[in-house]
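Accompanying notes for the structure given below.
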Amino acid sequence: MVSSLKNKVKKLEEEIKARFVGNEEAIKALVLNLLHPRSTALIRAPRGLGKSTLMLLFLRGIYGDDFTVISGASEVRRGEVVGRLHIPSLEKEGIEKVIWSQFVKSPGKGLDETNRLNPYTAASIYHMLQFGEVWAYGQRLKVGDYTLIANENPHDQTTFIHPPPFYDRFDICVFLSSLSFSEKFILEDLMDKYEGEIVDSMPQILTPEELSEIREEVKEVEVEVELKGFINLLVRDLQACVRGKDYSEIKPPSLCEGCHFIREVCSKIKEGPSERATIILTNLVKAKEWLEGSVDFNDVLEMSFWVLPHRIVLVSGTNTLKDLKDIIRRERRKMGERDTRRQWLILNRLYKEFRRDLYNRAKEIALEDLVFAEELIRLEEKWVKEGKVNEEEIIRNYIVS
């Protein structure tokens, strides 16, 4: 049965690729992200590059015609997003009965032109994504499992500026690129083949019940300890700041002036990712392991391009994929240097017992690695209390000013 379900997921990907030209990396990301409960994805691109088409192909491939799409381009009312009062019950019986919206009840949800959603509508959706529930007229409804795919053109002139926590609730964010010269001819052939009805031609490959079964199986996949450590280390590298930018009123680049780690990745990041980045990367690793049978460190770095763009704010203010690629390239090099220094083995031994020779080596490493320095500082605080090291020799004196 497992093999049959895997084949259906692969068939879904094939059918979408047969109808959507290019952007295969984005399709791959969206497929993997489907395989965990309450899956949410955001597709970003300028107008006319197929954002809505790709969203609808996925929804039709899983839910057939049984899904609901809300468009930010129209004036969406509260009743369409959450629910409305049943007026006859109120007039005849004085009872406030809520008729919950189809968007809330449907397991297949689409948000078209999310950037045009007014703040009130976005807040209602945010609450659903955050807490798995909706409120209307003092009544609450728990929302079950679902798939939500959204799209937006953030550079549209009619865009509302939504707060970062809203976007953080989307598991992944993928970008679509324009078609190459040869791909344009392929698209023309597809339009002729399906007589312009590409979305309507998409068959339902999976059922909601099969998707639920897949999600249960993916949930049970065990992630190797080394991969867990790699994911946590990658995310922490993008969060860490020896000067505490999380709570400091001064932000980079001003905060970084004179810092020991001024040349590190941390100096390029104004606001790091939330812990959801760790959760989603882990979910994607489980999905790939279930579907393809193997995952390695390079896969995690590749997946980070889907998980991080909408979760970090760079000092440059650009947040382009080029900037992110530079950061990930530096991370890949840094991970290799860590392995060469065998620094985690040294730290693990220091956790077990204090040794002066290992401590001296650890201090040298800490001058080159902020996350390693964080852990060593915690150990030093303990050793100072135990009288094993002097206050004057701790690494904090060298890197914190």
Practice task
Pick out, from segment 15-94, the strands (runs of 3 or more DSSP E) lying fully within it that include 2 or more residues that are closer than 25 Å to ASP156 by Cβ.
Solution key: 39-44, 68-71
Completion exercise
Matching residues in segment 112-148 (outside any helix (DSSP H, G or I), among the hydrophobic types (A, V, I, L, M, F, W, C) and in contact with a Ser or Thr (Cβ under 8 Å, 6 or more places away or on another chain)) number 2
Practice task
Working only within segment 153-174, note down all residues that are at pLDDT 95 or above and either β-branched (Val, Ile, Thr) or outside any helix (DSSP H, G or I) (or both).
Solution key: ARG169, PHE170, ASP171, ILE172, CYS173, VAL174
Handout entry: Options GLY22, GLY48; residue that is in the same structural domain as ASP192 (by TED's automatic domain parsing) and either out of contact with any helix residue (DSSP H, G or I) (no Cβ under 7 Å at 6 or more places or on another chain) or at pLDDT 95 or above (or both)
Key = GLY48
Exercise for the section: Kindly check whether there is at least one residue in segment 288-295 that is in a loop (DSSP other than H, G, I, E, B), at pLDDT 90 or above and either closer than 22 Å to ARG396 by Cα or among the charged types (D, E, K, R) (or both). Expected result: no
Exercise for the section: With the condition kept exactly as written, say whether any residue in segment 63-76 is crowded, with 20+ Cβ neighbours inside 10 Å and more than 24 Å from ILE16 (Cβ to Cβ). Expected result: yes
Exercise for the section: Starting from residues that are of a type in the set (Lys, Arg) and within 18 Å of ILE262 (Cα to Cα), keep the ones in segment 327-362 and report whichever is surrounded by the most Cβ atoms within 10 Å (Cβ to Cβ). Expected result: LYS334
Fill in the blank from the handout: Subset of segment 280-314, residues of a type in the set (Gly, Ala, Ser) and surrounded by fewer than 18 Cβ atoms within 10 Å (Cβ to Cβ), comes to GLY293, SER294
Problem - Selection count where residues are without any contact (Cβ under 8 Å) to a residue 40 or more places away in the chain and either assigned by TED's automatic domain parsing to the domain that holds ASN7 or among the aromatic types (Phe, Trp, Tyr) (or both), scope segment 287-307 - result: 1
Handout entry: Condition met for LEU324 (buried (at least 17 other Cβ atoms within 10 Å of the Cβ) and either assigned to a helix (DSSP H, G or I) or modelled with pLDDT of 95 or more (or both))
Key = yes
Practice task
Tell me, yes or no, whether segment 296-308 has at least one residue that is among the polar types (S, T, N, Q) and assigned to a helix (DSSP H, G or I).
Solution key: yes
Exercise for the section: Considering each residue of segment 202-211, count those that are surrounded by 15 or more Cβ atoms within 10 Å (Cβ to Cβ) and part of a helix (DSSP H, G or I), and give that number. Expected result: 3
Exercise for the section: Scan segment 257-279 residue by residue and report those that are free of Cβ contacts under 8 Å to residues at least 40 places away in the same chain and either closer than 21 Å to ILE214 by Cα or crowded, with 21+ Cβ neighbours inside 10 Å (or both). Expected result: PRO273, ILE279
Handout entry: Per-region count, segment 111-165, residues in contact (Cβ under 8 Å) with a residue 60 or more places away in the chain, among the aliphatic types (A, V, I, L, M) and crowded, with 21+ Cβ neighbours inside 10 Å
Key = 3
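The values are calculated or read from the model by the stated rules, or taken from the named source; none is laboratory data. Given the structure is predicted, the values throughout are model-derived calculations rather than measurements. Positions of Cβ are generated from backbone atoms using ideal geometry, with glycine treated the same way; all protein chains shown enter the neighbour counts.
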